[in-house]
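Worksheet: the structure to be examined is printed underneath.
Derivation of every value follows stated rules applied to the coordinates shown; laboratory data play no part. It should be emphasised that the depicted structure is a prediction, and the values quoted were computed from it without experimental measurement. As a convention, Cβ positions derive from the backbone with ideal geometry for all residues, glycine included, and neighbour counts pool all protein chains shown.
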Amino acid sequence: MAKLLELYAQSCIPERENQSYLRPIEENFFKDLFASDIYDNTKLMARILSLYYILIYTYVLDTKPLPATFQHGLGLFRYSSELWAKIPIRYLLSLVDARPNDFLPLRSTLFKLTAFCMPHMLPTLVEALEYHHGNVESKKRSNESTTRLVVSEDQLESALNELPYKCDKFTRLIEYVDASPIQEQHRHMKTIAKAMSKTLDASIARSLIEKVCSIWHRLENIVPRHIYEATFSHLIGEKSQSFENELLVAQPLSLFRVDERVFSSPVHFQCLMNMLAFYLEANRAWNQARLNRVAIQNLGSQNADVERAERNDLHMALENAQNSAIVQMLLEICDGDPVEKPYLEEIRRIACAQIHEMFIANINLAKLVHFQTYPIRLIPIMIKGVPSTHMVISFITELLATPDIKRRIFAIALTAELIYQYKIVDSFNNLELIVNVLDTLLDTAPSELNVELFLNLVSTIERFVQVSPFTAESYIELLERVQTFAASRLAVFSSIFNARHSPEHRLLELVAQTLEQYAAVTIPCYNCLVPFGQKGLPNGCSELTNCSGVWCTKGPNTEANAIQLGCSNTAPLEQQSPTCKNVDVSNKTSWQNCYCNNIMFCNTASTIEFSIMILIYFIIFSIGYNCAI
């Protein structure tokens with residue numbers, strides 16, 4: 001049967017001019033078939049085969065080159081969106097997936113066709129688990145209950161209208177509905193959609209909200225399009241116009257026009273994110289289908305490849321602009337004080353999970369969002385909550401190369417958070433570039449610009465000093481230069497009052513506090529490592545065997561270090577060994593092995609001293625021997 005339907009669907013679309021072709025199955029036949037109860041098992045096989053035929057016909061129509069007389073789809077029948085709205089695609093696919101042996105001949109092809117035509121209708125693993133778990137639990141509770149109350153639609157509607165003043169009756173009825181089979185829950189779909197708006201009131205108990213949303217999620221696995229449309233029509237409020245499914249597919253950003261209380265309720269916000277993911281996928285499939293149809297119609301034209309590439313670029317630009325706007329809105333929702341917003345942490349987790357999914361689906365989106373920038377206070381939330389932001393490390397240098405000072409500040413603050421979160425080689429490679437950029441700006445940029453720049457970056461530079469001992473000295477020197485710069489700027493003020501209330505004074509205080517904290521902190525060290533060219537021991541090292549100073553930032557390069565590390569016959573390194581840059585400084589063994597295995601010169605000093613001692617012993621022994629004779 002499946003092969004017969006496939007051949008019939010292909011024969012309904014001609015391949016060349018003047019070719020006879022069959023007439024597609026009438027749309028009214030399918031409307032009548034799907035008009036009755038969707039849980040009617042007697043019509044299950046007919047409905048699945050009908051869905052299979054409609055998907056094959058649509059796929060062939062969108063991918064098959066048409067004769068010139070049928071260009072732009074003229075004269076060929078296409079099934080309407082009204083019919084698609086009547087087909088419970090996700091429910092039928094869930095049944096096919098749950099019973100693979102019964103639908104083995106068409107199961108794989110059915111999912112393939114759905115993924116091409118309507119990928120947003122595919123059941124996800126989480127939704128399938130929730131659906132089956134919900135059905136098992138509801139049947140179990142129904143069997144255990146001896147006298148189960150059948151709740152009518154009017155009863156539940158009447159109880160809902162009493163919210164938020166009287167919650168007892170609705171709570172009792174919603175528990176009965178939650179324990180009922182999915183068929184009865186489906187009858188209350190409109191009331192559940194309305195309840196999503198009614199339960200936004202702050203006085204409603206969260207347990208009641210979760211109960212309503214659990215039923216909402218089950219209906220989402222059956223008829224997502226219907227429950228989404230009904231829910232959104234209630235969440236946008238009375239003053240807003242009603243939105244149809246086609247408009248939501250074309251403009252997923254419209255979902256953010258819902259009641260603002262949704263953004264402070266984690267349970268409702270999760271439902272909104274499910275709707276957003278659904279319509280983003282639908283929008284992507286809708287645009288891609290339009291591109292494919294135009295590309296097929298233009299096959300054989302002179303500039304077909306060039307035009308297709310241009311259309312693809314425009315499509316990607318539109319999609320990236322839309323998705324970046326959504327990410328910026330989600331970040332704005334994450335902003336705020338958790339003390340004032342008790343559920344803000346949960347909201348952030350949900351929003352970051354959605355951003356992560358969007359970054360994974362489109363890698364270029366992460367780059368676009370960070371080039372647009374967002375408030376620096378939200379950087380820790382983004383880095384910690386969105387695991388896929390590690391890809392930002394690869395284009396930090398491009399952000400630093402932009403002439404916009406605000407974007408450079410953002411890039412440096414972003415680097416500090418990335419290094420703290422991801423202690424990998426690529427993260428630390430940007431530190432030397434950043435210090436060089438800041439040194440250059442301090443020398444060449446206008447003074448007012450430098451004051452604004454370093455006021456925003458002192459705390460970030462402090463983090464660089466803490467996380468990277470190898471570049472700490474360079475950043476400390478940079479802070480000392482900034483301190484001198486701020487003091488010189490402060491000296492030109494005409495009055496002490498103006499000077500104390502100036503940005504330069506704040507900058508000077510910040511730098512002084514940072515340098516004081518750094519000087520007071522003792523970083524544990526295994527040895528007193530001395531910088532290049534420095535003679536004697538570093539500050540804080542009273543003797544080689546007892547050091548409490550800080551790590552030298554340029555690596556080991558003296559004989560004293562080699563002696564302390566247990567290396568023999570070693571001389572100072574003329575330059576830092578590249579292989580030692582990424583060694584864990586907290587591990588003495590790895591640092592010692594790296595240093596001792598990368599010696600560049602032999603230490604003649606140790607050999608000479610040893611030779612002199614042997615010579616002295618030999619002379620003493622000779623003198624004693626001669627005297628004895």
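Taking other Cβ within 10 Å of each residue's Cβ, how do Thr42, Thr199, Thr402 sort, fewest first?
Thr42, Thr402, Thr199
Please give the direction-averaged projected area of the C-alpha convex hull for segment 373-514, in square nanometres with one decimal.
8.5 nm²
On the Cα set of segment 2-123, report Rg and Dmax in Å, please.
According to the Cα coordinates of segment 2-123, Rg and Dmax are 14.9, 45 Å.
Going 7 Å from the Cα of Val467 toward and past its Cβ, which residues in segment 313-355 have a backbone nitrogen under 16 Å from where you end up?
Under 16 Å, as judged by backbone N against the label point of Val467, lies no residue of segment 313-355.
What is the local net charge at Ile87, summed over the other residues whose Cβ is closer than 13 Å to its Cβ (Lys, Arg +1; Asp, Glu -1)?
Its environment carries a net charge of +3.
Of the peptides 393-400, 507-514, 307-314, how do they stack up when ordered by the mean number of other Cβ atoms within 10 Å, highest first?
Numbers: 393-400: 16.6, 507-514: 18.6, 307-314: 12.6.
So the peptides 393-400, 507-514, 307-314, ranked by packing, come out 507-514, 393-400, 307-314.
Note the full-extension length gain between Arg23 and Arg290 as 0.36 nm times their separation in residues minus their Cα-Cα distance, in nm to one decimal.
93.7 nm
What whole-number volume per residue, in cubic angstrom, does the convex hull of the C-alpha atoms of segment 248-326 give?
On the way: hull volume 5.6 nm³, N = 79.
Cα-based convex hull of segment 248-326, divided per residue, equals 71 Å³.
Using +1 at the C-beta of Lys and Arg and -1 at the C-beta of Asp and Glu, which of Phe395, Gly385, Gln483 has the Cα lying farthest in the positive direction of the dipole of segment 373-514?
Gly385
Which listed residue (Tyr422, Ile461, Ile405) has the Cα farthest towards the positive end of the charge dipole for segment 396-472, taking +1 on Lys and Arg C-beta and -1 on Asp and Glu C-beta about the Cα centre?
Of Tyr422, Ile461, Ile405, it is Tyr422.
Evaluate the distance, in nm, between pseudo-label points positioned 7 Å from the Cα of Arg16 and of Arg257 along their respective Cα→Cβ axes.
5.1 nm
Ordered by residue, what ³J(HN,Hα) values in Hz, to whole numbers, does segment 181-192 give under the Karplus form 6.51 cos²θ - 1.76 cosθ + 1.60, where θ = phi - 60° and Gly and Pro are x?
Karplus-based 3J(HN,Hα) across segment 181-192 equals x, 5, 4, 6, 5, 4, 5, 9, 4, 5, 5, 5 Hz.
Using θ = phi - 60° and the Karplus relation 6.51 cos²θ - 1.76 cosθ + 1.60, list the HN-Hα couplings for segment 208-216 in order, rounded to whole Hz, with x at every Gly or Pro.
5, 4, 5, 5, 5, 6, 5, 5, 4
Rank the residues Met121, Met45, Met196, Met189 as a footprinting-exposure proxy: fewest other Cβ atoms within 10 Å of their Cβ go first.
So the residues, fewest neighbours to most, are Met45, Met189, Met121, Met196.
Starting from 0.36 nm per residue, how many nanometres of slack lie between Ala202 and Leu368 once their C-alpha separation is accounted for?
Taking Ala202 through Leu368 to full extension adds about 56.1 nm, to one decimal.
Using 0.36 nm times the number of residues separating Glu157 and Glu516, minus their current alpha carbon distance, what extension gain do you get?
Full extension from Glu157 to Glu516 adds 122.5 nm.
When Lys and Arg each count +1 and Asp and Glu each count -1, what net charge do the other residues less than 13 Å away from Gln297, Cβ to Cβ, add up to?
With Lys, Arg at +1 and Asp, Glu at -1, the net is +3.
Based only on other Cβ atoms within 10 Å, what is the fewest-to-most ordering of Ser388, Ser81?
The fewest-first ordering by Cβ neighbours comes to Ser81, Ser388.
How much net charge surrounds Phe77 when only the other residues with a Cβ under 12 Å from the Cβ of Phe77 are counted, with Lys and Arg +1 and Asp and Glu -1?
Once positives and negatives cancel, what remains is 0.
Using a simple charge model, +1 on the beta-carbon of Lys and Arg, -1 on the beta-carbon of Asp and Glu, nothing else, what dipole does segment 373-514 show about its Cα centre, in debye to the nearest 20?
Here the size comes out at about 460 debye.
Taking the Cα centre of segment 2-123 as the origin, how large is its charge dipole in debye, to the nearest 20, when only Lys and Arg (+1) and Asp and Glu (-1) carry charge on their Cβ atoms?
Computed charge dipole of segment 2-123: roughly 200 debye.
In whole Å, what is the distance between the alpha-carbon centres of segment 75-97 and segment 367-417?
Segment 75-97 and segment 367-417 have Cα centres separated by 43 Å.
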